[in-house]
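The values are calculated or read from the model by the stated rules, or taken from the named source; none is laboratory data. Bear in mind that the values here come from a model prediction, so they are computed numbers and not experimental data. Heads up, the Cβs are rebuilt from the backbone with ideal geometry, glycines too, and the neighbour counts pull from every protein chain shown.
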Amino acid sequence: MNDILPEQALLWERFEDTARDWLRAYGYRNLRTPVLERTELFVRSIGAATDIVEKEMYTFIDALNDESLTLRPEGTASCVRAAIEHNLIYNGPQRLYYTGPMFRHERPQKGRYRQFHQVGVEALGFAGPDLDAEHIVMCARLWRELGIEGITLEINTLGSAEARASYRLRLIEYFEQNADMLDADAKRRLYSNPLRVLDSKNPQMHGLIAEAPRLEDDLDEASLQHFDDVQSLLRETGVQFTVNPRLVRGLDYYNRTVFEWKTDRLGAQDTICAGGRYDGLIGQIGGKAAPACGFALGVERVLELMRMTALPTPGIALDIYIAHQGKDAARFAFSAAEQLRDRGCSVALDNGETSFKSQLKRADASGARFVAIIGDSEAKLRQMGIRSLRDGGEQKQCAVEAAAELIISGRE
Ligand code: HAM
């Protein structure tokens with residue numbers, strides 16, 4: 001779990017500003033849910049035999065009312081829970097998004113943290129392939145707007161719940177026939193979650209996995225048509241992708257389209273964004289059955305890619321730093337700062353307890369575009385000496401209004 005220090009937060013804020021405009025451009029509205037939910041919600045939605053539920057959740061008993069609670073490991077379950085609880089879909093389909101910390105007790109490494117952040121997007125009540133495609137093209141747009149590169153898209157279809165069930169049986173049969181080649185992890189998952197065996201990172205399992213039955217043979221006509229339509233919309237909009245028939249995802253709620261955006265620039269933690277359709281989930285956790293799809297991006301991973309691009313790291317957006325010395329100067333500086341803010345300027349005020357020389361050093365370090373100097377003689381005239389910190393220009397003596405004009409007219 002990381003502290004995000006002010007220097008680093010500049011990039012976070014740039015990302016958040018871009019993401020908010022991007023979400024608005026597609027008509028998504030913000031939903032904010034608590035970071036805690038009843039444990040049962042995650043077990044039922046993500047699936048009891050998944051890595052997340054088996055070993056990664058921060059779960060505890062709330063002794064005050066003897067209830068098992070969990071810090072959210074992802075946002076889809078909470079979003080769907082809230083939509084059901086507040087009857088949101090009753091008013092028609094909903095385009096929703098959320099941002100914030102998620103918690104998974106994984107082994108920490110570069111790009112993998114125990115508290116990490118997601119921007120999640122969920123479209124509830126939409127059945128058509130256009131929504132699957134919308135989510136994918138909107139991701140592509142975000143990468144463009146952030147100026148990040150080297151990202152590729154993999155897509156797959158998991159078909160209907162029935163198709164998955166019959167595929168599951170075929171897989172179990174195949175792995176049972178080759179039981180002597182299974183590693184401990186695969187044996188443990190064989191009956192609870194055989195699809196996850198396909199995701200094994202163990203090179204000794206790769207041969208066995210390559211020969212395993214394929215889901216394609218179980219896919220139903222309607223799902224295949226849906227997947228075709230998604231692909232033709234992607235082609236239409238020029239989004240490049242590869243179909244990876246082995247892409248299954250680590251959460252149980254998916255059906256039909258699934259996708260992952262990957263990069264080769266971050267090492268082992270190479271998925272920056274992932275999602276898909278989950279038409280069964282709303283019904284499964286107590287709502288009136290309705291189709292849905294969504295995705296979430298890992299903010300830390302996207303930021304790491306932003307750091308690698310040529311775009312300059314944003315500086316702090318401070319217009320002016322006010323240095324002052326003396327009692328009258330302090331009082332005037334305090335009110336001048338407020339008057340400048342009234343006129344739309346961002347202002348940082350020194351505490352005035354040290355020499356002008358050291359205050360000017362702090363002004364330089366603050367990243368402000370201008371510095372103002374106020375001594376008791378300026379205060380008497382209700383003026384300030386103002387100077388640009390960017391081009392080393394002359395100091396000018398002026399009143400607050402003129403200072404504000406100078407600051408605002410010089411903005412890029
Ligand atoms: P997920 O694949 O578990 O899906 O997570 C989505 C993204 O969150 C990952 O691709 C990754 O970038 C980031 N992420 C996951 N775990 C960590 C970690 N420990 N440290 C840093 N980043 C991490 C979901 O969470 C689904 N709820 C996505 C979804 C929304 N599907 C439908 N709607």
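Observations on the model:
- Some residue of the stretch 364-371 being crowded, with 21+ Cβ neighbours inside 10 Å, away from the ligand (no atom under 16 Å from the Cβ) and either over 34 Å from the mean Cα position of the chain (by Cα) or assigned to a strand (DSSP E or B) (or both): yes
- Number of the exception - His324 against (1) under 35 Å from the mean Cα position of the chain (by Cα); (2) modelled with pLDDT of 95 or more: (1)
- Residues that are touching a Phe, Trp or Tyr at 6+ places or on another chain (Cβ under 6 Å) and part of a strand (DSSP E or B) within the stretch 377-412 comprise Ile386, Ser388, listed in sequence order.
- Scanning the stretch 372-399 for residues that are farther than 23 Å from Pro6 by Cβ, surrounded by fewer than 21 Cβ atoms within 10 Å (Cβ to Cβ) and within 42 Å of the chain's Cα centre (by Cα) returns Arg387, Ser388, Asp391, Gly392.
- Residues (polar (S, T, N, Q) and part of a helix (DSSP H, G or I)) located in the stretch 210-237: Ser223, Gln225, Gln231, Ser232
- Within the option set Leu153, Leu219, Leu198, Leu158, being touching a Gly at 6+ places or on another chain (Cβ under 6 Å) and of a type outside the set (Ser, Thr, Tyr) holds for one residue only, Leu219.
- Taken over the stretch 107-163, the criterion of being surrounded by fewer than 16 Cβ atoms within 10 Å (Cβ to Cβ) and of a type in the set (Asp, Glu) is satisfied by Asp130, Glu145, Glu149, Glu162.
- Residue satisfying condition, being of a type in the set (Ser, Thr, Tyr), loosely packed, with under 14 Cβ neighbours inside 10 Å and away from the ligand (no atom under 15 Å from the Cβ), within set Ser200, Ser232, Ser223: Ser232
- Flag if Ala140 is within 16 Å of the ligand (Cβ to nearest atom), part of a loop (DSSP other than H, G, I, E, B) and under 25 Å from Pro245 (Cα atoms): no
- When residues of the stretch 55-98 are limited to those that are away from the ligand (no atom under 12 Å from the Cβ) and under 18 Å from the mean Cα position of the chain (by Cα), the one surrounded by the fewest Cβ atoms within 10 Å (Cβ to Cβ): Arg95
- Hits in the stretch 265-298 - residues which are among the charged types (D, E, K, R), within 19 Å of the chain's Cα centre (by Cα) and either more than 11 Å from the ligand (Cβ to nearest atom) or modelled with pLDDT of 95 or more (or both): Arg265, Arg277
- Residue under evaluation Gln240, criteria (1) within 16 Å of the ligand (Cβ to nearest atom); (2) not in a helix (DSSP H, G or I), criterion not met: (1)
- Counted residues, the stretch 10-30 - those being without any contact (Cβ under 8 Å) to a residue 40 or more places away in the chain and either polar (S, T, N, Q) or surrounded by 13 or more Cβ atoms within 10 Å (Cβ to Cβ) (or both): 1
- Every test in (1) closer than 25 Å to Ile46 by Cα; (2) out of contact with any Phe, Trp or Tyr (no Cβ under 7 Å at 6 or more places or on another chain) is passed by Asp229 save one, and that test is (1).
- The one condition in (1) more than 22 Å from Gly250 (Cα to Cα); (2) free of Cβ contacts under 8 Å to residues at least 12 places away in the same chain; (3) within 15 Å of the ligand (Cβ to nearest atom) that Arg107 fails to fulfil: (1)
- Test: Gln240 is farther than 30 Å from Leu5 by Cβ, touching a strand residue (DSSP E or B) at 6+ places or on another chain (Cβ under 7 Å) and not β-branched (Val, Ile, Thr): yes
- Residue list for the stretch 243-264, restricted to those being hydrophobic (A, V, I, L, M, F, W, C) and either touching a Ser or Thr at 6+ places or on another chain (Cβ under 8 Å) or near the ligand (Cβ under 9 Å from one of its atoms) (or both): Leu251, Val258, Trp261
- Taken over the stretch 42-53, the criterion of being more than 14 Å from the ligand (Cβ to nearest atom) and without any contact (Cβ under 8 Å) to a residue 24 or more places away in the chain is satisfied by Val43 alone.
- Residue within the stretch 100-112 that is closer than 29 Å to Leu233 by Cα and of a type in the set (S, T, N, Q) present: no
- The lone criterion from (1) crowded, with 21+ Cβ neighbours inside 10 Å; (2) assigned by TED's automatic domain parsing to the domain that holds His117; (3) farther than 30 Å from Glu162 by Cβ left unmet by Leu303 is number (1).
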